[in-house]
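In what follows, a structure is listed as structure tokens, so that the remarks can point back to it.
The values are calculated or read from the model by the stated rules, or taken from the named source; none is laboratory data. Source: prediction; values computed, not measured. Counting neighbours? That spans all protein chains shown, and the Cβs are built from the backbone with ideal geometry, glycine included.
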Amino acid sequence: MGDFMNQKYEAARRKYTTISIPKPMYDKLSKMIENTGFSSVSDYVTYIIRDLLAEIGEGNGLGTKKTDEKSEIIKKLRALGYV
């Protein structure tokens with residue numbers, strides 16, 4: 001039974017990774033999601049990143065967007081602390 005549980009844990013662990021963000025940013029995001037449908041900061045950040053990927057077209061990169069669209073994406077990433 002131990003091997004089965006270890007395999008199950010390893011499979012679940014490979015589905016996710018950890019991205020570190022500054023603690024003040026985490027605290028701000030945590031306050032922002034209070035009384036929303038998001039159950040955690042991680043869920044919210046995942047939502048935001050998915051939205052950004054959809055905007056830029058997964059795999060197409062920023063090179064396919066107009067300059068003003070690139071600026072908007074960079075602003076969103078900056079607001080999240082990634083730029």
(request) State which residue is modelled with the highest pLDDT when the search covers only segment 47-62 and only residues that are of a type outside the set (A, V, I, L, M) and closer than 19 Å to ARG78 by Cβ. (result) TYR47
(request) May I ask you to list the residues in segment 20-43 that are touching a helix residue (DSSP H, G or I) at 6+ places or on another chain (Cβ under 8 Å), in contact (Cβ under 8 Å) with a residue 12 or more places away in the chain and in a loop (DSSP other than H, G, I, E, B)? (result) ILE21
(request) Select from segment 16-46 the residues that are surrounded by 10 or more Cβ atoms within 10 Å (Cβ to Cβ) and of a type outside the set (A, V, I, L, M, F, W, C) and list them in ascending order. (result) TYR26, ASP27, LYS28, SER30, SER40, SER42, ASP43, TYR44, THR46
(request) Being under 14 Å from the mean Cα position of the chain (by Cα), among the aromatic types (Phe, Trp, Tyr) and modelled with pLDDT under 85 narrows it down to one of TYR16, TYR44, so name that one. (result) TYR16
